[in-house]
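Here the structure comes first, spelled out in structure tokens, and everything after it is commentary.
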Amino acid sequence: MADVNRGNRPLSPHLSIYRLPLTAKLSILHRITGVGMVLAAVLIVWWFVAAVYSPEYFAAADWLLTSWLGTLVMVGSLWALWYHFCNGIRHLFWDAGRGFDLTKTQRNNWIVIGGSVVLTIITLIAA
């Protein structure tokens with residue numbers, strides 16, 4: 001006999017209670033930072049084009065990129081660059097077949113996050 005309640009059963013795992021592991025969240029963040037770096041590159045190219053085009057246009061572009069919002073975007077882009085770099089190195093280790101144990105994966109998640117923050121701070125201090 002057909003199960004009468006078959007259509008009423010929840011999905012497994014139910015999306016309202018399922019929690020993505022940190023590795024999955026970092027994978028999504030890796031893709032987002034890739035897109036963010038492209039957008040930051042477009043802003044930087046726009047700044048260079050404005051410098052070539054006219055002094056007035058450059059002043060407007062420079063004002064925007066050196067404002068608090070522009071500084072926030074550029075610092076965020078710098079962090080995205082370092083995060084993408086650190087996570088890419090982790091992927092190279094995975095390609096070599098290393099770091100697949102659960103404990104090593106969890107440790108490496110935090111190394112990628114911490115490393116990207118530390119490298120961003122070092123870059124900001126050095127600049």
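The values are calculated or read from the model by the stated rules, or taken from the named source; none is laboratory data. If you're wondering where the values come from, they're calculated on a predicted model, not measured in any experiment. With ideal geometry, Cβ positions are generated from the backbone for all residues, glycine too; neighbour counts draw on all protein chains shown.
Descriptive notes on the structure:
- Unique match (being exposed (fewer than 11 other Cβ atoms within 10 Å of the Cβ) and on the phi < 0 side of the Ramachandran plot) among Leu119, Leu69, Leu124, Leu78: Leu69
- Filtered residues of the stretch 66-113 (kept if assigned to a helix (DSSP H, G or I), more than 16 Å from Ala24 (Cβ to Cβ), aliphatic (A, V, I, L, M) and without any contact (Cβ under 8 Å) to a residue 40 or more places away in the chain): Leu69, Leu72, Val73, Met74, Ile89, Leu92, Ile111
Here's the yes/no breakdown for (1) over 12 Å from the mean Cα position of the chain (by Cα); (2) under 26 Å from Asp101 (Cα atoms):
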{"residue": "Leu22", "(1), (2)": "yes, yes"}
{"residue": "Leu26", "(1), (2)": "no, yes"}
{"residue": "Val49", "(1), (2)": "yes, no"}
{"residue": "Val52", "(1), (2)": "yes, no"}
{"residue": "Ser67", "(1), (2)": "yes, no"}
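- Some residue of the stretch 100-116 being among the small types (Gly, Ala, Ser), over 11 Å from the mean Cα position of the chain (by Cα) and modelled with pLDDT of 95 or more: yes
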